Each structure stands twice: as structure tokens, then as C-alpha cells.
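First comes the structure, then the notes that go with it.
Values in this text are rule-based calculations from the coordinates and carry no lab data. Model, not experiment: these values are computed from the prediction. Note: ideal-geometry Cβ built from the backbone for every residue, glycine included; neighbour counts use all protein chains shown.
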């Protein structure tokens, strides 16, 4: 489930999410967040990881006890971020803060005028209503999981493009595991394509636009 959060500057969007995550965790619901940071984000210039980024390393991952921080250029839309989140954790709900014009369901915070896709308003009196809405939607998604295995897939809106500007309908993917052909929806196709093409770009000899990738692997 993807749910947008929007409102004026200093309207309490982050505070609302902080209070919401506590209640969601009590209900056994996992949640991730994608936040718009403005036109350009400047990390702490004194940190070694920042120095590596400025030197030209890409991506750069900082690893600490129990967590990691990733800096990856060329991915400035919410859908590539959502794909990455789904790849590493597959949460029940992903909250998107700040991308108010994206074609997703949204919750309005404060006295801002409602935008298309708004399903609820974040007010103290409506907190239980919002929680009930999220819990109900997640339950429905779990019951109708695309693969029937409990994994939650998220599709981009029809006609959208990935971070490289490729339309989802233009990506064809054939998956064969242990001799069995597997079905893959648009999200899975995009996730695998983004991962593979990103890996290929790091290899010596790969130049220009990547139009196709053929890999055959067998455990011996």
C-alpha cells in the first residue's frame, strides 16, 4: 500500500507520521517512508561518506551497527525509491511525504486545499478513522497478494516510467526458475530490470543505453 502525506510547510506532516507509526507497530503493521528533501540535499560535509560522494564514488553505502545509509545518484522520483524499499524490506505500507502531485491516494495535513486522490484528512479526531482505513486496506492486499505467497507487490500508475525514463510496458522479462516459468507483474519486472541494469553499468565494457540483458545461471 502506498499512501501520500501532503500539506503546507511546518503543517505537522512528520509529527503526524511519528504518531501514526507507533499505532501501526502496535497492530503488527510495518511501514516505510519516502520524503522529499527539496531541490538538493546536502549531507554533513564533515563526514567521510560525504567526502566519498563528492569525490565521485556512486553509490556509497555507510554501514554502522544495525543500519546502513545509501547515497545513489540518478534516482530522483518516488517510484525508484519505492522499488528499492520493496526490494530490501517489502513493508505493509509506504508513506510518501511531499510528492503531492503523484497519482496515489493521499492524506491531507492541516488546512491545505484537497488535491486529487485525497482520501482522508489528518486531524486528531480522525486518527482512529485513518488507522482503520489503513488496516482494512492492508488486510485486503494481503488476501489478494499477486503471487499467493504473502509478498506484497506495488504497481506504478499505468503509463508511468522508471528512473531511466523507460515505460513499464516497454520492459519484457522472462523468468525461469528450476525449469518453471514465473509470472511477473510490472513492479517485479521494473525491480529486476533496475537491479540488473544498475549492476551491468558498473562492469567494464558496458557503454551507452542498456536495451537488453541475457543471463543464464546454473548451480553446479
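Note on residue 68 and residue 129: with the Förster distance fixed at 35 Å, the Cβ-Cβ geometry gives a FRET efficiency of about 0.45. Here r is the Cβ-Cβ distance between residue 215 and residue 57 and R0 is 41 Å; the resulting FRET efficiency, rounded to 0.05, is 0.95.
Restricting to bridges with both residues inside the stretch 3-146, how much of the DSSP beta-bridge set is antiparallel, in percent to the nearest 5?
Details: 5 of 21 bridges.
Here the antiparallel bridges make up roughly 25 percent for the stretch 3-146.
The protection proxy used here, the mean number of other Cβ atoms lying within 10 Å of each residue, ranks peptides 136-143, 175-182 as follows, highest first: 136-143, 175-182.
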